[in-house]
Amino acid sequence: MQNFFVTPFQVKEGLIYIEGSDVNHMKNVLRMRVGEQIRVNDGNNGCYLCEIAAYEEKAACLRIVEEICADTELPCRIYLFQGLPKQEKMELIVQKCVELGVYEIIPVFMKRCVVKLDDKKAKKKAERWQEISKSAAKQAGRGIIPRVCEAVPYKEALKRVEELDVALMPYELAEDMGETKKVIESIAPGQSVGIFIGPEGGFDREEAEAAVRAGAKEITLGRRILRTETAGLSILAVLMFHLEGQ
């Protein structure tokens, strides 16, 4: 079933009005007809089974058939602090991490980042990444659209560690898989979890030490060195398996 997002104010007295590009997608791309059913999320984990009632000039009017349980979110809010990689890699990271259940993605400028963005470019990139997040959230049947922030300096990212219950840093020099398993297994539903991933060149040693001082825990993802676009996906998949298996 097709999945669409609206904002809460678009839900009014048993009706939902979809506007913008989604109307064209429904009408001309998917060729959905009056009477067909779709699922609509209000972006706040509210989910509705709807029937297309009519197409207006710039909107689609949907009748709410029933409110349904949106049980697609992880029981923890997971924040990905991603060392800024090249364009194509960042788009892949956003898409796949949203599919795996990430709550928010924060691109981070680190010493070994190849990409440099001025304020104007940073804003445009964030807008592009947010659209990818929305598309991936639709495809995955998410109850929310994960936020993708504008890129921030590393020091600013580390300041957010104190707001989290757990902060993890997969690091190529970490070795103790037994300790990593203990750390993962100690994470409980309801906690906020931050994941710090280095860019293409990995963490600078001073950056890794600064993260540990801030409260992040070094963990290993195995004996192989993973690419930046693989590392975040790997730990997210592990966390998803752990949290949804409880």
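The values are calculated or read from the model by the stated rules, or taken from the named source; none is laboratory data. As the structure is a prediction and not an experimental result, all values here were calculated from the model. Don't worry about glycine lacking a Cβ; one is built from the backbone with ideal geometry, like all the others, and counts go over all protein chains shown. In case anyone asks, the SASA skips ligands and DNA or RNA and just uses the protein heavy atoms, side chains included. Shrake-Rupley method; radii C 1.70, N 1.55, O 1.52, S 1.80 Å.
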*Once phi is turned into ³J(HN,Hα) by the Karplus curve 6.51 cos²θ - 1.76 cosθ + 1.60 with θ = phi - 60°, what whole-Hz value does each residue of segment 40-54 show in order, with x for glycine and proline?*
10, 10, 8, x, 10, 6, x, 9, 9, 8, 10, 10, 5, 8, 6
*asked:* Quick check on the chain: helices-only [θ] at 222 nm, where DSSP H runs of length 4 and up contribute -39,500 (n - 2.57) each and the sum goes over total residues. Nearest 500, please.
replied: -10500 deg cm²/dmol
*Starting from the eigenvalues of the Cα gyration tensor, five times each then square-rooted, give me the equivalent ellipsoid semi-axes of segment 141-245, largest first, whole Å.*
20, 18, 15
*Computed over segment 10-101, Kirkwood Rh from alpha-carbon pairs, angstrom*: 15.4 Å
*Within the accessible area of the chain, what % is carbon and sulfur when the probe is 1.4 Å and the other protein chains stay in place?*
47 percent
*Measure up 111/134; 27/96; 159/182; 96/134 against 18 Å on the Cα-Cα distance and list the ones that go over.*
111/134; 27/96; 159/182
*Return the loop-located GluC sites (Glu not before Pro) in segment 1-84 (DSSP other than H, G, I, E, B) with at most 15 other Cβ atoms within 10 Å of their own Cβ; answer none if there are none.*
13, 36, 56, 57, 73
*Please list the non-local residues whose amide H lies under 5 Å from the amide H of residue 5, H modeled 1.01 Å from N, same-chain partners needing a gap of 5 or more.*
41
*With the calculation restricted to Cα positions, what are the radius of gyration and Dmax of segment 106-186 in angstrom?*
16.1, 45
*Amide H to amide H under 5 Å from residue 83: which residues, 5+ apart in sequence or cross-chain, H placed 1.01 Å off N in plane?*
108, 197, 198
*Given 81, 202, 70, which one lies farthest toward the positive end of the charge dipole of the chain, if we put +1 on the Cβ of every Lys and Arg and -1 on the Cβ of every Asp and Glu?*
202
*asked:* Considering all alpha-carbon pairs of segment 169-219, what whole percent are spaced by more than 18 angstrom?
replied: 33 percent
*Check each of the trypsin sites (Lys or Arg not before Pro) in segment 60-123 and keep only those in coil by DSSP with at most 10 other C-beta atoms within 10 angstrom; list them in order.*
116
*What residue among 170, 85, 153 has the largest mean-square fluctuation in a Gaussian network model of the chain, using Cα springs under 10 Å?*
153
*Express in whole angstrom the spacing between the alpha-carbon centres of segment 35-99 and segment 132-182.*
20 Å
*asked:* If N is the number of residues in the chain, what value comes out of its Cα radius of gyration divided by 2.2 N^0.38 Å?
replied: 1.12
*Tell me, what HN-Hα J-couplings in whole Hz come from the Karplus equation 6.51 cos²θ - 1.76 cosθ + 1.60 at θ = phi - 60° for each residue of segment 215-223, using x for Gly and Pro?*
x, 6, 9, 5, 9, 10, 10, x, 7
*Count the DSSP beta bridges whose two residues both fall in the chain, then state the antiparallel fraction as a percent rounded to the nearest 5.*
45 percent
*Antiparallel DSSP bridges in segment 1-132: what percent, to the nearest 5?*
70 percent
